[in-house]
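The values are calculated or read from the model by the stated rules, or taken from the named source; none is laboratory data. Please read these numbers as outputs of a predicted model, since none were measured by experiment. Cβ placement follows ideal geometry from the backbone for every residue including glycine, while neighbour counts extend to all protein chains displayed. Calculation scope for accessible area: heavy atoms of the full protein, side chains included, ligands and nucleic acids excluded. Shrake-Rupley method; radii C 1.70, N 1.55, O 1.52, S 1.80 Å.
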Amino acid sequence: VQLQASGGGSVQAGGSLRLSCAASGRAFSTYAMAWFRQGPGREREFVAAVGWSGDRTDYEDVVKGRFTISRDNAKNTVYLQMNSLKPEDTAVYYCATGPLWGRGLRREPYNNWGQGTLVTVSS
């Protein structure tokens, strides 16, 4: 599965962005998917994950209530809706595939990465 992330950009604090990750390959619907991010001078960190069917999600605490992960298996796409953005959300955001039939848990392995999309939040 090849991944192509898009939707990044510059926004002021309090604003919103929607990231998309388009996947190639007919097996997309059978994989858990996740978003990670890497901010300036920081290690890559987990943001959110969704199970293969879309009915289970997991979020890092700092984004709970502000970010929503979803997927459209008919379109081979996973989304990250980001609201109430903060300057500390500034990062390159990456999508990744998890295990086959994965439940969308942060502890599952995510080993297939797309290129990142940059999100910049100004105060």
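Sub-7 Å Cβ pairs linking a first residue in segment 10-29 that is in contact (Cβ under 8 Å) with a residue 40 or more places away in the chain to a second residue that is assigned to a helix (DSSP H, G or I) and open to solvent by 40 Å² or more (accessible area, probe 1.4 Å), at least 6 apart or interchain, are Ala13/Pro87, ordered by first then second residue.
Criterion applied to Asp61, Asp55 was being of a type in the set (D, E, K, R), surrounded by fewer than 16 Cβ atoms within 10 Å (Cβ to Cβ) and more than 14 Å from Asp89 (Cα to Cα), and the one residue passing it is Asp55.
Looking at segment 73-80, can you tell me whether even one residue there is touching a residue at least 60 places away in the same chain (Cβ under 8 Å) and open to solvent by less than 50 Å² (accessible area, probe 1.4 Å)? Checked against the condition, which is being touching a residue at least 60 places away in the same chain (Cβ under 8 Å) and open to solvent by less than 50 Å² (accessible area, probe 1.4 Å), segment 73-80 yields at least one hit.
A quick yes/no check of all residues on (1) on the phi < 0 side of the Ramachandran plot; (2) out of contact with any helix residue (DSSP H, G or I) (no Cβ under 8 Å at 6 or more places or on another chain); (3) in a strand (DSSP E or B):
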| residue | (1), (2), (3) |
| --- | --- |
| Ala22 | yes, yes, yes |
| Gly25 | no, yes, no |
| Ser29 | yes, yes, no |
| Ala34 | yes, yes, yes |
| Pro40 | yes, yes, no |
| Ala49 | yes, yes, yes |
| Gly54 | no, yes, no |
| Ile69 | yes, yes, yes |
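From the set of residues in segment 1-11 that are under 17 Å from Gln81 (Cβ atoms) and in contact with a Ser or Thr (Cβ under 6 Å, 6 or more places away or on another chain), which is least open to solvent (accessible area, probe 1.4 Å)?
So the first thing to find is which residues in segment 1-11 are under 17 Å from Gln81 (Cβ atoms), and the list is 5-9, 11.
Pick out the ones that are also in contact with a Ser or Thr (Cβ under 6 Å, 6 or more places away or on another chain) and you get 5-8.
On the way: Ala5: 6, Ser6: 56, Gly7: 35, Gly8: 34 Å².
So the residue we want is Ala5.
Of the numbered conditions (1) open to solvent by less than 40 Å² (accessible area, probe 1.4 Å); (2) at pLDDT 95 or above, Asn83 fails exactly one; give the number of that condition. Failed condition: (1).
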